1. For the chain, modelled as a GNM with alpha-carbon contacts under 10 angstrom, which of 186, 84, 214 fluctuates the most?
2. One quarter of the convex hull surface, Cα atoms only: what value does that give for the stretch 100-190 in nm²?
3. Mean residue ellipticity at 222 nm from the helices of the chain, using -39,500 (n - 2.57) per DSSP H segment of n ≥ 4 over the full residue count, to the nearest 500 deg cm²/dmol?
4. Using only Cα atoms, find the angle between the long axis of helix 113-123 and the longest principal axis of the chain, and express it within 0 to 90 degrees, rounded to the nearest 10.
5. Describe numerically, in nm with one decimal, the distance between label points set 7 Å from Cα along Cα→Cβ at residue 58 and at residue 188.
6. Would you look at the GNM of the chain, springs on alpha carbons closer than 10 Å, and say which of 205, 155, 91 moves the most?
7. Run the numbers for residue 70 and residue 32: contour at 0.36 nm per residue of separation, minus the present Cα-Cα distance, in nm.
8. Need the full-extension length gain, residue 111 to residue 217, defined as separation in residues times 0.36 nm minus the C-alpha distance. One decimal, nm.
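Rule-based calculations on the coordinates, nothing more; no lab input. Note that the coordinates shown come from a computational prediction; the quantities given were computed from them, not determined experimentally. Neighbour counts are summed over all protein chains in view; Cβ atoms, including those assigned to glycine, are modelled from backbone coordinates with ideal geometry.
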Ligand code: BEZ
C-alpha cells in the first residue's frame with residue numbers, strides 16, 4: 001500500500017490479505033448461530049464469503065449478500081459453489097424466505113438501522129432468528145478521539161457527519177428490534193482489543209482501509225502528518241510489543257421473529 005494513500009475500503013484483495021481477522025474472529029459467532037442441516041440462512045454483508053462458506057459447511061443453505069460488487073466478485077471466485085448477490089441491506093427484497101438472518105461486522109456501517117431491521121424482519125419466516133455481531137457503543141472510541149485530536153491540531157474542523165459508523169448500546173438496539181417485531185432473547189456488549197496485522201504499519205493500514213471518510217476533504221500532502229499525529233496519540237494505549245490493537249467493543253444479539 002502506498003504510504004499516504006487512503007484506500008477504497010472495499011478493496012477485496014486488500015481486505016482478504018490484511019484484514020482477515022474480521023472473519024477469523026467470528027468463528028464463535030458461527031457457534032452461537034448454530035446452523036442446522038437444511039436451514040435457509042441469509043448472510044447479510046458477507047464480504048469475500050469466508051463465513052458464508054463456514055456456515056454452508058454445516059449443511060445449511062446459505063445465500064451471501066453484500067452491497068459492494070468488488071466483495072461479491074471475490075466471494076464468487078473464492079467459493080464458486082455458493083450463492084452470492086449484490087444487494088443493499090437497506091433494501092432487502094425478501095419476504096418470509098429465511099430461517100435465519102446472520103450478520104457479522106457489517107451493521108455498524110449502516111446509519112439507517114431502522115430500514116435494515118424492517119427488511120430483516122420481513123425476510124424472516126415466523127419464528128426465524130436474527131443473529132448478529134457488530135460494533136457497539138464506544139467502539140473504537142480511542143481511535144476516533146485520536147482522529148479528532150489530530151484534525152484539530154492541524155487546524156481542520158471536526159465534522160461529525162463524516163463519521164461513518166453506527167455503534168448503538170444494547171438498550172437502543174434491543175428497543176429497535178422489539179419495535180419491529182423481533183423479540184430480543186440474547187444481548188451482550190464486550191471489549192475485544194483486536195491485534196492488527198503488519199507490525200508498525202497496522203494502525204495506518206486500518207485507518208486507510210476503514211476510517212478514510214474522515215480525511216476525504218483533506219489535501220493529500222497533509223494526510224501523512226495527520227496519520228503520524230494519530231499514531232502518536234494512540235501509541236501509549238494501543239501499541240504493545242510491536243503490535244497495534246484496535247479498541248473494538250462488540251454487540252451481539254439474538255432475536256426471534258414473533
Ligand atoms: C468493527 O469491526 O468494529 C469496525 C471495523 C471497521 C471500522 C469500525 C469498526
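1. 186
2. 6.3 nm²
3. On the way: 10 runs with 97 residues, N = 258.
Result for the chain, helices only: -11000 deg cm²/dmol.
4. Helix 113-123 and the main axis of the chain meet at about 20 degrees.
5. It is 1.5 nm.
6. Looking only at 205, 155, 91, the largest GNM fluctuation is found for 155.
7. Here the segment from residue 70 to residue 32 would lengthen by 10.8 nm.
8. Gain in length upon complete extension: 36.1 nm.
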